1. So what does log10 I(q)/I(0) come out to for region 21-71 at q = 0.13, 0.29 Å⁻¹, using the Debye formula with one equal point on every Cα and no solvent?
2. Would you work out the Kirkwood radius for the chain? I mean one over the mean of 1/r across all pairs of different Cα atoms, in Å.
3. What does the highest-first list of 133-145, 41-53, 13-25 look like by mean Cβ count within 10 Å?
4. Name the residue farthest towards the positive end of the dipole of the chain from the options Ile136, Leu251, Gln18, assuming +1 on Cβ of Lys and Arg, -1 on Cβ of Asp and Glu, about the Cα centre.
5. By a straight-distance test (C-alpha under 17 Å), which lysines pair with Lys233 as possible cross-link partners, with residues fewer than eight away in the same chain excluded?
6. Hey, what did region 126-245 get for relative contact order, percent, Cα under 8 Å, at least 6 apart?
7. Computed FRET efficiency, Cβ-Cβ of Ser62 and Leu219, R0 45 Å: what is it to the nearest 0.05?
8. Just for the Cα atoms in region 126-245, what are the lengths along the principal axes, largest first, rounded to whole Å?
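Values quoted throughout were computed directly from the atomic coordinates according to the rules given, and no laboratory measurement underlies them. What you are looking at is a predicted structure, and each value in this text was computed from that prediction instead of being measured. Cβ placement follows ideal geometry from the backbone for every residue including glycine, while neighbour counts extend to all protein chains displayed.
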Amino acid sequence: MKSSSNQLVPSYSVADIQLDVGDHEFKKGVKILEGGGVKNVRNDKHSFYADVVGSKAGQWYSVSVSAKEFDRGDCTCYLGCNDQLCKHMVALAIHVVREFSPQGAEEIVQPLDQAVCSGEVRNIKPDEIDKIKVNITKALKYVKPYSGPSRTWFQYQDSLSRGCRLLLLTLSDLPVCEKSVDIIVDVLKRLERKLMNGVDDSDGTVGGCIEEVVELLNLFSDINPSLISYINKKIPQGEMFDWHTVYQHYL
Ligand SMILES: [Zn+2]
């Protein structure tokens, strides 16, 4: 019998998994798990192991995930055999957090791949500004120039995706006010500068994120139309992007 003090505990949280894999893959993992598709869970000193159900009837894969990083693991499915993170590993990772690290099990409920507006019309408080700026800086660190060898390219794209999701998550806390518009416009300028300075966005991740950030300005304008003229004054004349084609209230 396992004693609880020896139980291996994952170092990641469910939110970490969500930020790393995005909404679509995360939902696939949850669906497998909640359909009873993860069984015979066990562990050694470093990793968790389980049988995870496949898409065909009666098909089960042998899956493992490390307790340190859930994307370090194996699966006998096609993707897993090609060294890629698959939904079976995601399902097992979610399971072990819920089971062995319940304080990390809280899910981010909002979508992570699109702009979400707080909907609160009020001024932002100074301590909120500080906190949000710290989080923006943290997110933008993942959006860095690419200089590595081609074998690390996928890892690099994952870093861009994580940065963009963190950014959208952070901006969704902004109340609807002029100061928040300033913060959003500053983020747009910084993202554009990054694209002009060595960020390899061949997957369009950062470009898509920029559009979502402008979309947030659309949501602000819908919720509080008196901000429209302020946004028009502030929205930058992008060097790469024509922000006005995405901002629907351009005057
Ligand atoms: Zn798999």
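1. Each listed q corresponds, in turn, to -0.33, -1.17.
2. 20.0
3. 13-25, 41-53, 133-145
4. Farthest towards the positive pole: Gln18.
5. Candidates past the 8-residue exclusion: Lys179, Lys189.
6. 29
7. The formula returns an efficiency of 0.50 here.
8. So the three principal-axis extents are 49, 32, 19 Å.
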